[in-house]
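This report refers to the structure that appears directly beneath it.
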Amino acid sequence: MLVLITSLAFGQIGTKTTNMEPRFTVLTLGVDDIEKSFKFYHEGLGFASPGMIGKEYEHGEAAFFDLKHGMKLAIYSRANLAWDSKLKKTERSATEFSIGYMTRSKEEVDAIMELAKKAGATITKHAQTAFWGGYSGYFQDPDGHLWEILYNPQLLPED
């Protein structure tokens, strides 16, 4: 009976899950100064957010930003992310991954790179024609997370 109740509670009866769906809904960035990062993304880049949440919990302070297609960008302190995941906090590394932002034109790449610079980003590679034929540039947010702003006429973003 316990197995039946547990199965019903988690909706597993009649459902065979063999693969994870190819999607993600929240990208959480570990940050060193959550207030500074919130200001960068919310005020500097203009990302919509209801504000900081979870301050009432010892390890809970975070912020979420609304992205298109129901996705969210979250910021959470690196120390709390290490605590919550039971991993050791390590040194930052900008080359572990990049966050790609596809644009509709070269001019949009330039405009976003300028917006990021004004918001306090570090430009690591100015926008230019890329070796693969498109147009791209890179910047780092205040915590060193690497963003690639790019235009590829073969991969235009959906509205």
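Please treat every number below as a calculation from the coordinates, not as lab data. These numbers come from a predicted model, not from an experiment. Every residue, glycine as well, gets a Cβ built from its backbone with ideal geometry; the counts of neighbours run over all protein chains shown.
How much length would be gained if the chain were fully extended between MET20 and LEU67, taking 0.36 nm per residue of separation minus their Cα-Cα distance, in nm to one decimal?
14.7 nm
Which value, in nm² and rounded to one decimal, describes the direction-averaged projected area of the C-alpha convex hull of the stretch 38-119?
7.0 nm²
So if we plug the beta-carbon distance of ALA111 and ALA48 into 1/(1 + (r/R0)^6) with R0 = 22 Å, what FRET efficiency do we get, rounded to 0.05?
0.75
For LYS88, give me every one of the lysines with a C-alpha distance below 24 angstrom, ignoring sequence neighbours fewer than eight places off in its own chain.
LYS36, LYS55
Can you tell me which aspartates and glutamates have their Cα less than 15 Å from the Cα of LYS125? Leave out same-chain residues fewer than eight positions away.
Within the straight-line cut-off, LYS125 pairs with ASP110, GLU114, ASP141, GLU148.
Scale the Cα Rg of the chain by the rule-of-thumb value 2.2 N^0.38 Å and send over the ratio, two decimals.
1.27
For the stretch 23-86, what size does the Cα cloud have along each of its three principal axes, sorted from largest down, in whole Å?
Here the Cα extents, ordered largest to smallest, are 30, 28, 19 Å.
Evaluate E = 1/(1 + (r/R0)^6) for TRP132 and LEU87, where r is the Cβ-Cβ distance and R0 equals 22 Å; express this FRET efficiency to the nearest 0.05.
Computed FRET efficiency for TRP132 and LEU87: 0.05.
Of all DSSP beta bridges located in the chain, what percent are antiparallel, nearest 5?
So the antiparallel bridges in the chain amount to around 60 percent.
Which of the chymotrypsin sites (Phe, Trp or Tyr not before Pro) found in the stretch 97-159 are loop residues per DSSP with 11 or fewer other Cβ atoms within 10 Å of their Cβ?
Taking the stretch 97-159 and a limit of 11 other Cβ atoms within 10 Å, the loop chymotrypsin sites (Phe, Trp or Tyr not before Pro) found are PHE97, PHE131, TRP132.
List the longest stretch of the chain that has no exposed loop site; here a site is one of the GluC sites (Glu not before Pro) assigned by DSSP to anything other than H, G, I, E or B, with at most 10 other Cβ within 10 Å.
Looking at the chain, 97-157 is the longest stretch - no exposed GluC sites (Glu not before Pro) with at most 10 other Cβ atoms within 10 Å.
When DSSP assigns beta bridges and you keep just the ones with both residues in the stretch 80-150, what percent turn out antiparallel, to the nearest 5?
65 percent
Show that you can apply the helix-only estimate: for the chain, add -39,500 (n - 2.57) for every DSSP H stretch of four or more residues, divide by all residues, and state [θ] at 222 nm to the nearest 500.
So the helix-based figure for the chain works out to -6500 deg cm²/dmol.
Which value, in debye to the nearest 20, gives the size of the charge dipole of the stretch 80-159 about its Cα centre, when Lys and Arg are +1 and Asp and Glu are -1 at the Cβ?
320 debye
Compute the distance in nm between two label points, each set 7 Å from the Cα along the Cα-to-Cβ direction, one at THR124 and one at LEU155.
Here the answer is 1.7 nm between the modelled labels.
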